[in-house]
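For reference, the structure is listed below as structure tokens.
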Amino acid sequence: MIDLIHVTKHFGDAVAVDDISLSVARGELCVLVGTSGCGKSTTLRMINRLIEHSEGEIHIDGQQIREFREESLRRRMGYAIQSTGLFPHWTVARNIGLVPRLLKWPAARIQARVEELMALLGLDLEEFADKYPHQLSGGQAQRVGVARALAADPDILLMDEPFGALDPLTREGLQEELRELQGRLEKTIVFVTHDMDEALRLADHLVVMHQGRIKQQGRPLELLREPADAFVESLLGGEGRGLKEAALLPVSQRMLPLGPRLLARERIGQQASLREALSLMLWRHAERLTVVDDDDLPVGELSLRRLVGVRSDD
Amino acid sequence: MTECRRLVVPLCWLSLLLAATLGMGQLEGLFRVIEPDSRQVIYDRAGFLTLLGRHLSVVGVAAVLAILIGVGAAIAVTRERGRDFLPLVSQLASMGQTFPPVAVLALAVPVLGFGTLPIIVALLLYGLLPIVRNTLAGILGIEASVREAARGMGMSSGQILRQVELPLAAPVILAGIRTSVTINIATAAIGATVGASNLGDPIISGIVNGNTAYVIQGALLIGLLAISVDSLFSRLPSPGGR
């Protein structure tokens, strides 16, 4: 879907992005992560030509991006940024309808699309359609920003630290919603962040960048298990990696079928992460948990030994 | 209803201005008290309405030109291609303001001759700064993220200018135009010294002939005109619905 082939970007003598190659498959959520100044935002902005790359090739669906008119290229990609960039003089509804209006959709279709998106992102039509951006909270504004990016139903969504300025609670909520949306809409998303927890939580494909180069890329669990070098390891949390990995694995992966023993008193959902299970054990001083399904019916059990991955349970 | 109410104050000033223009002759008694020794106490070389009309048209022409040039120049130097000229233009505009209009008149008369043209040039130069400065401030003051999002969404530079930059900068630009026009209504009076006939005539003629009544009549009308126009500007609806 998106292919970067030996792409380099110079700003004068400085090299911002240094010979990177990257493929993002259709429907994949690719997260670029790294410290500030590592070139991740520059890379993102080269994809919609807000920044022109100096060398190499960037392809969208096999076609070079320079073959498109800049404006038409951007109109087929959603773009969401940290500070939202909502137009302060336009209402929420008008902001969301921006790209469809640029594409000259008929008014009725734009109206219907705006209503659909507001529902999708949990923005009450009555309450928010006629509000101005300064009347929204940070989380609401970011929802509007994402709705605007999705408005013309683009295949590709570029997101530059969209949740960076939000409080942790709102951020986690929106991350979860983004994952869920992604599952439903099957967009190809390139997401930039410096927050490793966010990166691990969201990514199908994780790309670690440092000083303009790609240090390592792959599935989050692969990177956690086998970091390429000390930098990637420390960025991934060093000694804390165990907990980060535990946060990615569901309880259902390590639980055992219900045994003949009495059910443990403490319960945990099978979709919860191992990290949550461990936390519950620490909190309740429990060695065993009963795993329950969505209807709160016991489906298995999880011992501390199983949780930490000791192979046999003897 | 609220639309009407916004206009009450400017309409009051306007009617006061009209009343004073048309009814100056009725105040003869009053001016007689101020200037008991003069034979003539009401300026009569031209009707006040005519003078008012000429005054307005001089200021109007100068304002239209200043807006076209000022806003145009400010837009040009905030485009990517014109960025290099940004310091130059803002400096030129501030020089225009420091240059006294009287000096402009003195320099312009030999070139343009007597009459209305030199005063239009002087007012144009004098009125440029507030417009250029405010247009620049308005456009440059727009949050970078808004422009970035506009570009990222695929708006062309023309669309960004018309739909984003100008509407967002409009209140600041309008404030600049308001300052410029209000100042120039007062400044236009000096045009009378180079033969441009306007509300400055009674003042100059009053000074020359030692007739305070004339001076007061001219000053009163100019003052009322400036207040009326200023108050009209303050009632302009601000775009953006804030």
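The values are calculated or read from the model by the stated rules, or taken from the named source; none is laboratory data. Just so it is clear, the structure is predicted and the values come from calculations on it, not from any experiment. A quick note on method: Cβ atoms are made from the backbone with ideal geometry, for glycine too, and the neighbour counts reach across all protein chains shown. Surface accessibility is based on the protein's heavy atoms, side chains included, excluding ligands, DNA and RNA. Shrake-Rupley method; radii C 1.70, N 1.55, O 1.52, S 1.80 Å.
Descriptive notes on the structure:
- Set B:ARG147, B:ARG133: member being within 14 Å of chain A (Cβ to nearest Cβ), touching a Gly at 6+ places or on another chain (Cβ under 9 Å) and in a helix (DSSP H, G or I): B:ARG147
- Checklist (1) more than 20 Å from B:GLY70 (Cα to Cα); (2) surrounded by fewer than 24 Cβ atoms within 10 Å (Cβ to Cβ) applied to B:ILE183, failing item: (1)
- Hits in the stretch A:52-65 - residues which are of a type in the set (Val, Ile, Thr) and either out of contact with any Phe, Trp or Tyr (no Cβ under 9 Å at 6 or more places or on another chain) or surrounded by fewer than 16 Cβ atoms within 10 Å (Cβ to Cβ) (or both): A:ILE58, A:ILE65
- Unique match (being under 22 Å from the mean Cα position of the chain (by Cα) and not basic (Lys, Arg)) among B:THR212, B:THR193: B:THR193
- Scanning the stretch A:123-135 for residues being away from chain B (no Cβ under 12 Å) and surrounded by fewer than 19 Cβ atoms within 10 Å (Cβ to Cβ) gives a total of 5.
- Within the stretch B:192-227, the only residue that satisfies the criterion of being of a type in the set (Val, Ile, Thr) and either within 10 Å of B:HIS55 (Cβ to Cβ) or not in a helix (DSSP H, G or I) (or both) is B:ILE222.
- Residues of the stretch A:40-75 that are of a type outside the set (D, E, K, R) and part of a strand (DSSP E or B): A:GLY56, A:ILE58, A:HIS59, A:ILE60, A:GLN63, A:GLN64.
- Number of positions in the stretch A:86-115 that are under 24 Å from A:THR170 (Cβ atoms), more than 14 Å from chain B (Cβ to nearest Cβ) and crowded, with 16+ Cβ neighbours inside 10 Å: 1
- Residue match in the stretch A:24-45 (condition: within 14 Å of chain B (Cβ to nearest Cβ) and either among the small types (Gly, Ala, Ser) or within 19 Å of A:ALA141 (Cα to Cα) (or both)): yes
- Of residues in the stretch A:148-174 being more than 19 Å from A:GLN82 (Cα to Cα) and within 12 Å of chain B (Cβ to nearest Cβ), the one least open to solvent (accessible area, probe 1.4 Å): A:PRO154
- Single residue of the stretch B:40-93 satisfying the filter (farther than 17 Å from B:LEU17 by Cα and of a type in the set (D, E, K, R)) that is least open to solvent (accessible area, probe 1.4 Å): B:ARG79
- Search result, residues across the stretch A:70-85 that are open to solvent by less than 10 Å² (accessible area, probe 1.4 Å) and out of contact with any strand residue (DSSP E or B) (no Cβ under 8 Å at 6 or more places or on another chain): A:ARG74, A:GLY85
- Subset of the stretch B:27-39 [more than 20 Å from B:LEU49 (Cα to Cα), open to solvent by less than 80 Å² (accessible area, probe 1.4 Å) and part of a helix (DSSP H, G or I)]: B:GLY29, B:ILE34
- Pair list, Cβ < 6 Å and 6+ apart or interchain, from the stretch B:74-95 residues that are in contact (Cβ under 8 Å) with a residue 60 or more places away in the chain to residues that are of a type outside the set (A, V, I, L, M, F, W, C): B:ALA74/B:THR135
- B:ARG151 being more than 25 Å from the chain's Cα centre (by Cα), open to solvent by 10 Å² or more (accessible area, probe 1.4 Å) and either closer than 30 Å to A:ALA152 by Cβ or at pLDDT 90 or above (or both): yes
- Qualifying positions in the stretch B:7-26 - in contact (Cβ under 8 Å) with a residue 12 or more places away in the chain and either closer than 22 Å to B:GLY206 by Cα or surrounded by fewer than 13 Cβ atoms within 10 Å (Cβ to Cβ) (or both): B:LEU17, B:ALA20, B:THR21, B:LEU22, B:MET24, B:GLY25
- For the stretch A:209-252, the tally of residues that are touching a residue at least 60 places away in the same chain (Cβ under 8 Å) and surrounded by fewer than 14 Cβ atoms within 10 Å (Cβ to Cβ) stands at 0.
- The requirement of being crowded, with 21+ Cβ neighbours inside 10 Å, touching a residue at least 24 places away in the same chain (Cβ under 8 Å) and within 14 Å of another protein chain (Cβ to nearest Cβ) is fulfilled nowhere in the stretch A:175-185; no residue meets it.
- So A:GLY78, is it in contact (Cβ under 8 Å) with a residue 12 or more places away in the chain, small (Gly, Ala, Ser), touching a helix residue (DSSP H, G or I) at 6+ places or on another chain (Cβ under 9 Å) and in a loop (DSSP other than H, G, I, E, B): no
- Qualifying residues in the stretch B:80-114 (those that are outside any helix (DSSP H, G or I) and touching a helix residue (DSSP H, G or I) at 6+ places or on another chain (Cβ under 7 Å)) - the one farthest from B:HIS55 (Cα to Cα): B:GLY82
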